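What follows is a single structure, written as structure tokens, with notes after it.
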Amino acid sequence: MRTLVTGGAGFIGSHLCDRLVKEGHDVICLDNFFTGSKENIKHLLGLPNFELIRHDVIQPILLEVDQIYHFACPASPVHYQYNPVKTIKTSVMGTINMLGLAKRVKARILLASTSEVYGDPTVHPQKEDYWGHVNPIGLRSCYDEGKRVAETLMMDYHRQNQVDIKIIRIFNTYGPRMALNDGRVVSNFIIQALKGEDITVYGDGLQTRSFQYIDDLVEGTLRMMFKDGFIGPVNIGNPHEFTILQLAEQVIRMTASASKIIYTSLPEDDPTQRQPDITLAREQLSWEPGVPLEKGLEKTIAYFESRLKEKQND
Ligand code: NAD
Ligand code: UDP
């Protein structure tokens, strides 16, 4: 299989590239290195079935591929709010370009959508048939609405042009290769705990998230890509729900850190609760996550420990 992974040098994309290369596919990794890095894929460079292209998905590209994993888009609120116009262009124009490519070469295309399409949900846990509660004019809209339009584009190219599409809605995912400056909660807390700095809980810490380890997501993504007759959207996440305060306490415990928790202001439109209903993924993909938070955190903490040591030695 000739496979394109957009955003392939990012956190999730690089793990996907690893898995696809290992399974013997011909992988083209495409990235503009906004939040991704060569470090994430340097072990793949030089392999006969791996190629790297520096390219921005906002521009069209001509390639010959069989499958497209469309993951290019900043995902951390800090990064996607840095240049919101660019973020929405990435989702809208990037997805149009990748759908145009899929249409031309008759490739199957899978979109990395997000639990953010549910916004600050009034239905709990979230099922795929929930339409969401999203602010169209807030600071998160460039990302949330961008992904909602990306889903619409996928469905319209499917209905109008018979493009072979797949949509997954990914819930908060963490693991090795998140950037040190990523700004999302798991990497922030681990880095703060390892450095003995204050742990920054936004708001009262009673808002919830359900954290999925990267290996579970990669497995779910591949099962979806290779499943015939099911386009989704399908939730891919770990239904085990925690408050942000529980996460902070667990990270402090596991790192035996002397860090203290401090409370700072809650960002605008921060969702109060989030938990995937994964009935559909269980039924259609025979998939469910297998890595509990404690095990995933162990591996992630070990990764950040070695990254911070490397930085000290630089
Ligand atoms: P990430 O920031 O590590 O990866 C994004 C990658 O896309 C980076 O390598 C970045 O350089 C690249 N990129 C950004 N804009 C681009 C552009 N215009 N052209 C080409 N490349 C571009 O984030 P991630 O967590 O790996 O997220 C990857 C995808 O998964 C995103 O589409 C995100 O919306 C989706 N997702 C992630 C999560 C999560 O919890 N990690 C949850 C829901 C959805
Ligand atoms: N959060 C926090 N401290 C941090 C970073 C994030 O308390 O240093 C909170 C944030 O307000 C949100 C939750 O953790 O309620 C998850 O945030 P993240 O940015 O990881 O993802 P998202 O909000 O997109 O789910």
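The values are calculated or read from the model by the stated rules, or taken from the named source; none is laboratory data. Computed from a predicted model, the values in this text were never measured in an experiment. Neighbour counts are summed over all protein chains in view; Cβ atoms, including those assigned to glycine, are modelled from backbone coordinates with ideal geometry. Side chains included, ligands, DNA and RNA excluded: accessible areas come from the protein's heavy atoms. Shrake-Rupley method; radii C 1.70, N 1.55, O 1.52, S 1.80 Å.
The residues of the chain have, on average, 44 Å² of accessible surface per residue, using a 1.4 Å probe with all protein chains present. Quick check on the chain: helices-only [θ] at 222 nm, where DSSP H runs of length 4 and up contribute -39,500 (n - 2.57) each and the sum goes over total residues. Nearest 500, please. Here the helix-only value at 222 nm equals -12500 deg cm²/dmol. Segment residue 83..residue 54, full-extension length gain: 8.5 nm, with 0.36 nm per residue of separation and the alpha-carbon distance subtracted. With the simple model of a label 7 Å out from the Cα in the direction of the Cβ, residue 226 to residue 240 spans 2.6 nm. Modelled spin labels at residue 312 and residue 181, positioned 7 Å past Cα toward Cβ, are 2.2 nm from each other. Judged by the mean number of other Cβ atoms found within 10 Å, the most tightly packed of the peptides 27-37, 220-230 leads the ranking 27-37, 220-230.
In straight-distance terms, cross-link reach from residue 89 covers every one of the lysines whose alpha-carbon lies under 27 Å from its own, apart from those fewer than eight places away in the same chain; here that gives 38, 103, 106, 147, 166.
Rolled with a 1.4 Å probe across the full set of protein chains, the surface gives residue 116 an accessible area near 10 Å². Here residue 260 is the anchor, and the aspartates and glutamates within straight C-alpha reach of less than 12 Å, apart from those fewer than 8 places off in the same chain, are 197, 198, 249. Mean sequence separation of contacting Cα pairs (under 8 Å, at least six apart), scaled by the length of segment 97-227, corresponds to a relative contact order of 27 percent. Treating each Cα of the chain as one equal point scatterer and applying the Debye formula with no solvent, the log10 of I(q)/I(0) at q = 0.11, 0.15 Å⁻¹ comes out as -0.65, -1.27.
Taking the average, over residues, of other Cβ atoms within 10 Å as the packing measure, peptides 146-156, 52-62 rank 146-156, 52-62 from highest down. Overall, the accessible surface of segment 73-186 at a probe of 1.4 angstrom is composed of carbon and sulfur to the extent of 57 percent.
Filter the cross-link list 227/311; 127/195; 22/309 down to pairs whose alpha-carbon distance in this structure exceeds 32 Å. Where the Cα-Cα span goes over 32 Å, the pairs concerned are 227/311; 127/195. Solvent-accessible surface of protein heavy atoms, probed at 1.4 angstrom with all chains present, puts 311, 103 in the order 311, 103, largest first. Only Lys, Arg, Asp and Glu carry charge here, each on its Cβ (+1 for the first two, -1 for the last two); on that basis the chain has a dipole of about 600 debye about its Cα centre. Computing FRET efficiency as 1/(1 + (r/R0)^6) for residue 22 and residue 262, where r is the C-beta to C-beta distance and R0 is 35 Å, gives about 0.25.
Contact order, relative form, for the chain: 17 percent (alpha carbon pairs under 8 Å, 6 or more residues apart, mean separation divided by residue count). Spin-label pair residue 254-residue 93: with each label point 7 Å from Cα along the Cα-Cβ axis, the two points sit 4.0 nm from one another.
The length gained on full extension between residue 156 and residue 198, counted as 0.36 nm times the residue separation minus their Cα-Cα distance, comes to 10.4 nm. Label zone of residue 104 (point 7 Å out along Cα→Cβ, amide N under 19 Å): in segment 137-173 this covers 154, 157-158, 161-165.
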